[in-house]
Each structure stands twice: as C-alpha cells, then as structure tokens.
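What follows is one structure encoded as structure tokens, with my remarks underneath.
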Amino acid sequence: MRLLALAGRLTQAGEHASAIETYRTIAGRHPAAPAGWRQLAAASAQYGTRPAAAVALKRALTLAPEDGATTRLLLFIDLAGTPAARHRALAMAALTNPAEARAMGQLASSYQLQDRTGPAERCARQALAADPSLVEVRMNLAVILRNNGQVAASRAELRRAAILQPAALLTWRRIAIAEELLSNLAGAEAAARRALAVDRRDHDAAIVLAFVHRRTGRIEAALQGLAALPDRLLGEIKRDVVEFELGALHDRLGETDAAFAHFTRGNALALARAAPGTANAAAYVAEVRAHAQALAASYVRRWRPARPVDPPPVFMVGFPRSGTTLLDQVLDAHPEVRVLEELPILSAVANRLARPHATLPERLADLTEPQIGELRATYSALRERYAGPDAPAMVIDKMPLNIALTGLILRMYPNARIVLSLRHPCDVCLSCFMQPFRLNPSMANFVDLDSATRLYALVMRVWLRARHALSPDHVAVRYEDLIEDVEGHARRTVAFLGLEWDDRVLGHLEHARSRGLIRTPSFRQVTEPIYKRARGRWHRYRAHLEPFMDRLDPFIDEFGYREEG
C-alpha cells in the first residue's frame, strides 16, 4: 500500500518516470495480481511508451480477461500494430463489458473501417442504447446508414447529433458533407457556414462550400476558397480531391493546361495514398486481356448450350463515364423498373468461379448445366437481396465494366438483354482521367491517359468480339444522341425492354433528386439539368490525347464518330 501511495504522489508531482518504475516494482512483487499490471499499463500509456503499456496490459488480461477496468484500457492501448489485432482487442473490450457504451462504439468504428456495415450498425445502435449522448458514435452511425442508402435515417441521426452538440464542429462538417452528397445544396451551404463559424480554418467545410459554389455556378468563389487552402489538409477530404475540383473549375473556365495539370496531380496523389495492393492496375488488365483472347469462335464452340430463362435478366454496361448514370436515372424513373447502381453482383459470381490455375474464360468453357444453374441461383439471390422485397418486375443490373464480363453474362443467360452505353472514345477516356475515382484494380487504370486509352481499347475489343461470336440481344445508346433527344432514345430503350411507355420517364431529373444517395461518381451531374458542355470536350485536350489516337481511331470509326469530327 505504501508503494501504491508513493506512486500516486510521484504522479501528482509530475515525476512520471519514477511513478512508472514504482508501479513496475509493485507488479514485480505481486506478479499474480492483475491490478498491479493494470496500473502499470495505464501509467505507461499516459506517461511512458505504448509498447511498455501493451506488455503490461497483456499480463493483466492474461490474469483477469473479464475484468472491466482492465479491458477498458483496450480502448486506449493498441496491443499490436495491425488492424486485425486492434479489432480483436476492441471486440474483447466490448464483449466483456457490454454495458460500456464507448467500447461498443469503438468496435462499431472498427467494423466500419472494414466495410462490414451490418455489424457496424448493430454495434453503434447498441452503444447509443446504452448512452444516447455519444455524439461521435451517432455521427458514425449516420455515415453507415448513408453508405447503405438509408438517407432519411442518416439525416435523422445527424439532426440528433446537432441537437446534442449545436456548437460541435464535427457535427456541422458531417452534415455539410452529407447534404452535398445528397445534392441538397442549400442545406450543405448552411451547414458548411455553421462549421466555419465554429472554426474558420476548417478545411472540410471550406471544400464542401467550394463544391456548392461550383454546382451553383459561382466558379470564381469556388476557386478563391480552394486557393486559400494549404497543401497539407486536416480532415476527411484529402488533397487529391481538391486537385480534381480545381481541375474541374479551370476546365469550366476553358483554362485547359491549368486544368490538365491539376488532374495530373490529383491522380498522382490518389495513387500515392491508395492502400498497398488495392490499385493493381496490371492485374485487372490481365483479366480483361484473357477475356479478349478467349472470345473467339473456336472458344465459344466448346460451350455446352445453356437454357434460356424467362424473363431474361437485363444488364446495363459500357465504359465508365459513357453516360450510364444518366441512362440509369431515365430508366429508373419508369414505375416498372428498378436500376441497381454499381453493386458487386456479377463479380461475386465470377469470384465463385475463380481457380488458381485457370482463367475465368477457361472455366466458362467447361461449365455443365448444373453448374450454370448454381451460378444463376447465386446471381438471382444477390440481385433480389439488393433489389429489396418491393422490387418491380424488371430489375436492371447496372455496372459499366461488366462489359468486360459479357462472356460470363451470356454463358449464364444466353438470352440476356444488354443496354450498352457509348460515348466518343476520346471524351470517355478524358473524362475517366478527370474523375476522382476510389482506386481499385480497374479504376487505377485511369490515373493517366496512356493506361486509360489502353484499357478502353482492350475492353471494347472484348465487346466487339462477344458481339461477333455470341450475338447478344442488345440496344446501343450513344450519350451524345441521348442528350440531344432524351425522349426519342428513352422510348427506343423502353421498347427494347418490352415495357409500355410511361411519361414519368421524362421526369428523370426530379426522380434523380428524390432518390437520395446516388452511388456513382456522376451523382453531381445527373441531379443537374442535362447540359452539353462535356460533348466534344476532347478537342480542347487534343494535344494531350494525340499520342494515343492510334488506339482510339478504330473505335471512333466502329461507333460512328468519324463523321462528327
């Protein structure tokens, strides 16, 4: 007891190193007592080193794994540097102290970082049931709900957070980000200004305000706001996003070289901060090349014929930035249609077929009728889950780069209907380069025009070979034609799908705004009235595209763009 009192006095006197040594002496004299190791862990975490605190905490947990005071230290002491180890530690803290709301809230955050939204939501709700005042947990829950498409519920949680802490910077910042994503620009601007009133140096709020300024035509104000930001940003929105926004602003002003420089820097920064292994562009190119090489008549003749299905499933494909999102909003406005936006349904089926020593096209050639039936069952179950119990009769699976999986689509469903979006090859590759995608193996091909044009040529070669060998039932809609005559091309596509015309299709703009969160990079564009400023934009960037025109020329001819210049 005298040593414990001494350690306390030393701590109060600021002699922290001596206090830690005294706690170490206590633990050494009573090695079977968890309290001594727990006190040493706490003191080392606060005044010493994290590794020393982790060692002491491990000893305490070994002696008393269910002691609440000990497991609560897991919230502050990371036992290992890996995310998996930290997650296990947080899970132990939460499960051994189910009434400890903060522990459960941190476990929710850990699940959220792993994109495990179901457990994240359950843990966050359990934490808030125990302590409704945890504003940060409530805001994390709002983000989880928003990412799951539960827009109304997300907004409700953010409003509750604002009531609990009306002067909290993070609350108003998160509200601003959410409202801009939902295209509620007045709400986003109001929330961003509230955040800046709390801290005028808040970077995220300033960036959201710039987004709003650009979307409402205040280009100079947006440029001024972003120009005032430092290179090193503190917040959720990273510097690469700002570079892309600056590029978009200079593009709107016709300042092509300045815009291109910002897009180049934005792509470089995005690639640099991508997690290791997540942006392996070469791996995706190899997959697409395997499909392109396999789609020959001799390959297709090896297929055992599969039964057609009734009704046939519908897929919307095309190269990214080819107008799929606009066409998606048009068709989704039809009361008998639901478009699933860019969900990993078909890719999950492809993953089931993966084998270490065989490409996907090789696997397709050897499928039997029962195996195709199993793949159809997997696909149908996933599609129904995402579409929900109230889905209309026609559900359209929209994922642009599923065009590279045309062989898989037609192997499973030989009578599938395919809606193909097309756009001028130069404009579509340029637009991909200008877009701040979340990088993965496919999107990592858009960080420069060389890789973007290379992937375009490869993907469209897959489509042309599939069209020749498999004769898919499809309709092609060119973006340039759609923006000139929405009704005409909407009627043609609706008729192709076997549906009756409905005038509500022409209310696609209001429909897009009412859908809440749109899960594609084009969400800002499709909630605006149709504009034509992006048509033919590539002419201004011709000098940057010139080295790659040999790749694109065949497709300019194939899709009828040569005569348009």
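The values are calculated or read from the model by the stated rules, or taken from the named source; none is laboratory data. Since the structure is predicted, the reported quantities are computational estimates derived from the model, not experimental observations. Ideal geometry is used to build each Cβ from the backbone, glycine not excepted, and the neighbour counts take in all protein chains shown. Surface areas here come from the heavy atoms of the whole protein model, side chains and all, with no ligands, DNA or RNA. Shrake-Rupley method; radii C 1.70, N 1.55, O 1.52, S 1.80 Å.
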Checklist entry - Is there a residue being open to solvent by less than 30 Å² (accessible area, probe 1.4 Å), of a type in the set (Ser, Thr, Tyr), modelled with pLDDT under 95 and within 28 Å of the chain's Cα centre (by Cα) anywhere in the range 299-308? => result no
Item to check | Flag if Ala534 is of a type in the set (Gly, Ala, Ser), buried (at least 16 other Cβ atoms within 10 Å of the Cβ), modelled with pLDDT under 95 and not in a helix (DSSP H, G or I) | outcome: yes
Checklist entry - Pick from Arg138, Arg102, Arg116: which is farther than 23 Å from Glu341 by Cβ and under 22 Å from the mean Cα position of the chain (by Cα)? => result Arg138
Next on the checklist: Any residue that is of a type in the set (Val, Ile, Thr) and either modelled with pLDDT of 95 or more or not in a helix (DSSP H, G or I) (or both) - is there at least one of those in the range 498-509?
Outcome noted: no
Checklist entry - When the residues of the range 173-194 are filtered to those that are open to solvent by 20 Å² or more (accessible area, probe 1.4 Å) and charged (D, E, K, R), which remaining residue is modelled with the lowest pLDDT? => result Arg174
Checklist entry - Given (1) open to solvent by 10 Å² or more (accessible area, probe 1.4 Å); (2) closer than 30 Å to Pro308 by Cβ; (3) in contact with a strand residue (DSSP E or B) (Cβ under 8 Å, 6 or more places away or on another chain), where does Arg465 come up short, assuming only one miss? => result (3)
Checklist entry - Quick one: what pairs do we get from the range 537-565, first residue assigned to a loop (DSSP other than H, G, I, E, B), second open to solvent by less than 40 Å² (accessible area, probe 1.4 Å), C-beta under 7 Å, 6+ apart or different chains? => result Phe559/Leu422; Tyr561/His424
Item to check | Residues of the range 238-257 satisfying the condition of being within 20 Å of Arg533 (Cβ to Cβ) and either open to solvent by less than 40 Å² (accessible area, probe 1.4 Å) or not in a helix (DSSP H, G or I) (or both) | outcome: Phe244, Glu245, Leu246, Gly247, Ala248, Leu249, His250, Asp251, Leu253, Gly254, Glu255, Thr256
Checklist entry - Of these, Leu422, Leu455, Leu439, which one is within 24 Å of the chain's Cα centre (by Cα), under 30 Å from Val241 (Cα atoms), surrounded by fewer than 23 Cβ atoms within 10 Å (Cβ to Cβ) and aliphatic (A, V, I, L, M)? => result Leu439
Item to check | Members of the range 269-292 that are crowded, with 20+ Cβ neighbours inside 10 Å and farther than 28 Å from Val242 by Cα | outcome: Val288, His291, Ala292
Checklist outcome for this item: Pairs returned, first residue in the range 482-511 that is charged (D, E, K, R), second residue that is assigned to a helix (DSSP H, G or I), beta-carbon separation under 9 angstrom, 6 or more apart or interchain, are Glu487/Val505; Glu487/Leu506; Arg491/Val505; Glu500/Val494; Asp502/Val494; Arg504/His511
